[in-house]
1. Give the residue that is nearest to the ligand (Cβ to nearest atom), with candidates limited to residues of segment 110-123 that are in a loop (DSSP other than H, G, I, E, B) and buried (at least 21 other Cβ atoms within 10 Å of the Cβ).
2. Among the residues of segment 138-159, are any free of Cβ contacts under 8 Å to residues at least 60 places away in the same chain, part of a loop (DSSP other than H, G, I, E, B) and closer than 22 Å to residue 220 by Cβ?
3. Six or more apart or on different chains, Cβ atoms under 6 Å: show the pairs whose first residue is in segment 89-112 and over 21 Å from residue 77 (Cβ atoms) and whose second is assigned to a loop (DSSP other than H, G, I, E, B) and within 12 Å of the ligand (Cβ to nearest atom).
4. Give just the number: which of (1) part of a loop (DSSP other than H, G, I, E, B); (2) under 18 Å from residue 120 (Cα atoms); (3) in contact with a strand residue (DSSP E or B) (Cβ under 9 Å, 6 or more places away or on another chain) does residue 232 not satisfy?
5. If residue 139 satisfies every condition in (1) in contact with a helix residue (DSSP H, G or I) (Cβ under 7 Å, 6 or more places away or on another chain); (2) within 16 Å of the ligand (Cβ to nearest atom); (3) farther than 23 Å from residue 35 by Cβ but one, which is the exception?
6. Quick check, is residue 197 touching a residue at least 12 places away in the same chain (Cβ under 8 Å), surrounded by fewer than 19 Cβ atoms within 10 Å (Cβ to Cβ), under 19 Å from the mean Cα position of the chain (by Cα) and within 16 Å of the ligand (Cβ to nearest atom)?
7. For residues that are crowded, with 24+ Cβ neighbours inside 10 Å and farther than 24 Å from residue 46 by Cβ, tally how many sit in segment 67-109.
Ligand code: PGA
């Protein structure tokens, strides 16, 4: 089953987040491989709402620091203690707005792995050529046999309504996998993100190398997100 990751960003206040989650819990039949990433505001409630289901919870970010003296950050240890097993790491919005470096992305991955969390590592979305992708992977990935998930989201496709050509996305992801395997020693799952919606999801789902989708805008309305998950069959 292909993965579907919902990135809720800052789209909802507390109450609306909880209604979103309750609707999904009640209505989603195809729960396997669905990971929902609400704001830190309601992670704890999401863990409770989805208890006993197959739906997994992820944070939208995690601190790269080991020290406890980091005001405003949330550590992997704290997330894990709540029952959060996934975290999006290095999303291009955070890279752009906070000037996140490859070193910082790598630190976040390390903190996740130390705490037995599975990082969903976003590439910067700037590199499209092989050399750029290769360099980026060698900068952020570490040698580990612990599982990580990679996300390939071209910057121009995020939130723009202009998704990448699914064939090209498939080809690029195939290359990312082959390069990541050289560093990790195993082939990680790689998901595509960037303006995935009901009109194009089928094409992406059919692609051999694309292991799943990271969805922002089209996850905002829970009925639509439900349909996207069910469309995996
Ligand atoms: P989008 O966002 O689906 O709105 O393009 C994807 C993302 O930011 O991860």
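1. Kept after step one, since they are in a loop (DSSP other than H, G, I, E, B), are these residues of segment 110-123: 115-117, 123.
Now drop any that are not buried (at least 21 other Cβ atoms within 10 Å of the Cβ), which leaves 117, 123.
Working: 117: 19, 123: 12 Å.
Among those that are in a loop (DSSP other than H, G, I, E, B) and buried (at least 21 other Cβ atoms within 10 Å of the Cβ), it is 123.
2. Step one: list which residues in segment 138-159 are free of Cβ contacts under 8 Å to residues at least 60 places away in the same chain, which gives 138-148, 150, 152, 154, 156-157, 159.
So of that shortlist, the ones also part of a loop (DSSP other than H, G, I, E, B) come out as 141-148, 154, 159.
Within this subset, residues satisfying the condition of being closer than 22 Å to residue 220 by Cβ are 154, 159.
Yes, some residue in segment 138-159 is free of Cβ contacts under 8 Å to residues at least 60 places away in the same chain, part of a loop (DSSP other than H, G, I, E, B) and closer than 22 Å to residue 220 by Cβ.
3. Close Cβ pairs (under 6 Å, with a partner that is assigned to a loop (DSSP other than H, G, I, E, B) and within 12 Å of the ligand (Cβ to nearest atom)) amount to 92/125.
4. (2)
5. Every listed condition holds for residue 139 apart from (2).
6. Working: touching a residue at least 12 places away in the same chain (Cβ under 8 Å): yes; surrounded by fewer than 19 Cβ atoms within 10 Å (Cβ to Cβ): yes; under 19 Å from the mean Cα position of the chain (by Cα): yes; within 16 Å of the ligand (Cβ to nearest atom): yes.
In short, yes.
7. Final tally of qualifying residues: 1.
Table: residues versus (1) near the ligand (Cβ under 9 Å from one of its atoms); (2) modelled with pLDDT under 95; (3) out of contact with any helix residue (DSSP H, G or I) (no Cβ under 8 Å at 6 or more places or on another chain); (4) not in a helix (DSSP H, G or I).
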{"position": "169", "(1), (2), (3), (4)": "no, no, no, no"}
{"position": "172", "(1), (2), (3), (4)": "no, no, no, no"}
{"position": "178", "(1), (2), (3), (4)": "no, no, yes, no"}
{"position": "182", "(1), (2), (3), (4)": "no, yes, yes, no"}
{"position": "186", "(1), (2), (3), (4)": "no, yes, yes, yes"}
{"position": "202", "(1), (2), (3), (4)": "no, no, yes, no"}
{"position": "210", "(1), (2), (3), (4)": "no, no, no, yes"}
{"position": "218", "(1), (2), (3), (4)": "yes, no, no, no"}
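The values are calculated or read from the model by the stated rules, or taken from the named source; none is laboratory data. In this text, all values refer to a predicted model and were calculated from it rather than measured experimentally. Methodologically, a virtual Cβ is constructed for each residue, glycine included, from the backbone with ideal geometry; neighbour enumeration extends over all protein chains shown.
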